[in-house]
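Beneath this line is the structure, given in structure tokens, with notes to follow.
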Amino acid sequence: MTQVAQQVKVLGKLTPEFEQILTPEALNFVADLHAQFNPTREKLLTNRAARQKDIDAGKYPDFLSHTAAMRDGKWQVAEAPADLADRRVEITGPVERKMMINAFNSGANAFMADLEDSLSPTWENVIDGQINLKEAVRKTLSYDSPEGKSYRLKDKIATLIVRPRGWHLLENHVTVSGAPISASLFDFGLFFFHNAQELVKRNSGPYFYLPKMESHLEAKLWNDVFNYAQDKMKVARGTVRATVLIETIMAAFEMEEILFELKEHASGLNAGRWDYIFSTIKKFSSHKEFLMPDRAQITMRVPFMRAYCRLLVKTCHKRGAHAMGGMAAFIPSRKDAAINEVAMSKVKEDKELEVTTGFDGTWVAHPDLVPVARDVFDKTLGTNPNQKSKQLDDVVTGSEILAVKIDGGLITEKGLTNNVDVALQYIESWLRGTGAAAIHNLMEDAATAEISRAQLWQWIICGAKLDDGRLITKELYRQTRDAQLKLLSTAPNNRYKEAAEILDRLVESETFIEFLTTDAYAYLK
């Protein structure tokens, strides 16, 4: 082991299975990545904080003047590899064995295996996930349920895309020189070390979704990581392909620059809509002119979300990249056909809006939604793998992106209650180790809880009122929380007491707490 590797300590438990992933060579690789790139990561996070201070002071973001040459230049991203050319339907889910097999076998074109928002980052979940990914790449992934049901991969499965955790997160169970390792570099490094060469042998490659970025400099950091990792593992540069989730309001102003920095590794951009709404609330949370109504009223048809989608499609197609649509989170009911009929109609309508806007593909959370989404995209794409040739020439201005006012938007008691209810249920599920939680027939991940608690904080701090005239106060929040806890706290061994503690801190803090997942990380067992 090199000097770098000797500085690595694994604080999490080590079973024989885990040791197959956490080999000395693999740990050396991720520690090397951390040593090389963590100082830049920390500097970029400092940049985020500085930009937030500007926004708090009323200096709102716009397209960057000093990167105009990137936007005006004639360049294209690398051509998509064969197994990423057609992405009309992608399914997403955590790196949990049974769910992975069902996703791979669902008939979707690609499967985004998630180490981020739909995975509660317990040590066991994170390392089990890496074991499952390694087996999936080699097509040996299997599962036998306690009920005696057998799950195996089909011959033809969805293309694998992996989402590591965002730049802001740490993995506390592994330290380098006494400090926690970057969760992004840990997730990426372990997967790349164990699977990059194997994927190339199988005529594929290491493909990634990159979350939570706020600037093109953060994309440049990923590009530098890719080049370094490819050189170290003797994989040709450009083998990695990355799709960036545009799920922060800051990244919306730097879409072209993000693609430019990742050029030879770029595959596309994705409209990560729920996190995008959360980011918009968060960045402008102390400004009354950015008050938003009930979450249910922030649809993809409201002006600022339409501007965001149009800009994303325009940017991607101008540069030869895939424009990927947002999530359909509905979980079909096995008991209520009426619920399914209404929900499936809404899913279809949502996907029709995306494909007519110009998106090349879309996301679903459940295998039963794959044929619904595929049917919509098939009608437009036909045998074409995508519609990158569709060029949008309308101009999207910075003021359109920031125009969050929704005509007729209201804050209602139902919306307030729903935010408290969903946040409590999701946090409690996350604390128990389940990051993809079925709540009210929707597959929810951390983004939903983030929107819910962010709205509660913003409504209180800005002195918002319900449509019946009542002022939204901490006291009203506590009354609503207590009422919901009485309805929820029935299951044995639940963790609602801790969930309420976390939600109280998030909602009642004098300053906005950046991420739920970092604040609650210490509670994970």
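The values are calculated or read from the model by the stated rules, or taken from the named source; none is laboratory data. Everything numeric here is computed off the predicted structure, so don't read it as measured data. Counting neighbours? That spans all protein chains shown, and the Cβs are built from the backbone with ideal geometry, glycine included.
Scoring Thr2 on the criteria (1) surrounded by 17 or more Cβ atoms within 10 Å (Cβ to Cβ); (2) of a type outside the set (Gly, Ala, Ser); (3) at pLDDT below 95 leaves a single failure, condition (1). Kindly establish whether Ile401 is of a type in the set (A, V, I, L, M) and within 20 Å of Gly469 (Cβ to Cβ). No. Return yes when Leu471 is in contact (Cβ under 8 Å) with a residue 40 or more places away in the chain and aliphatic (A, V, I, L, M) and no when it is not. Answer is no for this residue.
Applying the set (1) more than 28 Å from Met99 (Cβ to Cβ); (2) of a type in the set (Asp, Glu); (3) crowded, with 22+ Cβ neighbours inside 10 Å to Glu514 leaves exactly one unmet item: (3).
Consider region 357-392 and keep the residues that are free of Cβ contacts under 8 Å to residues at least 40 places away in the same chain and either among the small types (Gly, Ala, Ser) or more than 21 Å from Leu84 (Cα to Cα) (or both). The one that is surrounded by the fewest Cβ atoms within 10 Å (Cβ to Cβ) is Gly382.
Checking each residue in region 305-338 for being surrounded by 22 or more Cβ atoms within 10 Å (Cβ to Cβ), among the aliphatic types (A, V, I, L, M) and assigned to a helix (DSSP H, G or I) picks out Leu311, Leu312, Val313.
Say whether the condition of being among the small types (Gly, Ala, Ser), more than 30 Å from Leu119 (Cα to Cα), assigned by TED's automatic domain parsing to the domain that holds Ala82 and assigned to a loop (DSSP other than H, G, I, E, B) is met by at least one residue in region 369-383. The answer is yes, given that some residue of region 369-383 is among the small types (Gly, Ala, Ser), more than 30 Å from Leu119 (Cα to Cα), assigned by TED's automatic domain parsing to the domain that holds Ala82 and assigned to a loop (DSSP other than H, G, I, E, B).
Between Ser118, Ser106, the distinction of being crowded, with 24+ Cβ neighbours inside 10 Å and of a type in the set (S, T, N, Q) belongs to Ser118 only. No other residue among Leu524, Leu516 is out of contact with any Ser or Thr (no Cβ under 6 Å at 6 or more places or on another chain) and either hydrophobic (A, V, I, L, M, F, W, C) or in the same structural domain as Glu171 (by TED's automatic domain parsing) (or both) apart from Leu516.
For region 389-399, check the following and say yes or no: at least one residue is modelled with pLDDT of 95 or more, closer than 21 Å to Lys283 by Cα and in a helix (DSSP H, G or I). Yes, because at least one residue in region 389-399 is modelled with pLDDT of 95 or more, closer than 21 Å to Lys283 by Cα and in a helix (DSSP H, G or I).
The residues on offer are Ile411, Ile406, and the sole one that is assigned to a loop (DSSP other than H, G, I, E, B) and touching a Lys or Arg at 6+ places or on another chain (Cβ under 8 Å) is Ile411.
Checked against (1) of a type in the set (A, V, I, L, M, F, W, C); (2) within 23 Å of Phe290 (Cα to Cα); (3) over 27 Å from the mean Cα position of the chain (by Cα), Leu506 passes all but a single condition, namely (3). Scanning region 479-525 for residues that are in a loop (DSSP other than H, G, I, E, B) and out of contact with any His (no Cβ under 8 Å at 6 or more places or on another chain) yields a count of 14. For region 493-506, the criterion of being touching a Phe, Trp or Tyr at 6+ places or on another chain (Cβ under 6 Å), of a type in the set (A, V, I, L, M) and outside the structural domain of Ser279 (by TED's automatic domain parsing) is met by no residue.
Would a scan of region 226-242 turn up a residue that is within 23 Å of the chain's Cα centre (by Cα), part of a strand (DSSP E or B) and in the same structural domain as Pro121 (by TED's automatic domain parsing)? Within region 226-242, one or more residues are within 23 Å of the chain's Cα centre (by Cα), part of a strand (DSSP E or B) and in the same structural domain as Pro121 (by TED's automatic domain parsing).
If you go through region 464-478 and keep only what is of a type in the set (Asp, Glu) and assigned to a loop (DSSP other than H, G, I, E, B), you end up with Asp467, Asp468. Summed over region 227-264, the residues that are of a type in the set (Asp, Glu) and under 19 Å from Gly326 (Cβ atoms) give a count of 1. Scanning region 79-108 for residues that are closer than 14 Å to Gly205 by Cβ and part of a helix (DSSP H, G or I) returns Ala82, Asp83, Leu84. Residues of region 199-220 that are over 16 Å from the mean Cα position of the chain (by Cα) and acidic (Asp, Glu): none at all. Against the list (1) in contact (Cβ under 8 Å) with a residue 60 or more places away in the chain; (2) outside any loop (DSSP other than H, G, I, E, B); (3) of a type in the set (A, V, I, L, M); (4) more than 24 Å from Ile161 (Cβ to Cβ), the condition Met112 fails is (4). Can we say Ser279 is assigned by TED's automatic domain parsing to the domain that holds Arg237, buried (at least 24 other Cβ atoms within 10 Å of the Cβ) and in a helix (DSSP H, G or I)? So Ser279 fits the description; yes. There is no residue in region 334-353 that is at pLDDT 95 or above and either touching a Leu at 6+ places or on another chain (Cβ under 6 Å) or not assigned by TED's automatic domain parsing to the domain that holds Gln387 (or both).
Name the single residue, out of those in region 145-188 being touching a Ser or Thr at 6+ places or on another chain (Cβ under 6 Å) and charged (D, E, K, R), that is farthest from Ala242 (Cα to Cα).
In this case the residue turns out to be Arg152.
Selection of region 205-240 for residues being within 24 Å of Ala69 (Cα to Cα) and of a type in the set (Lys, Arg) yields only Lys220.
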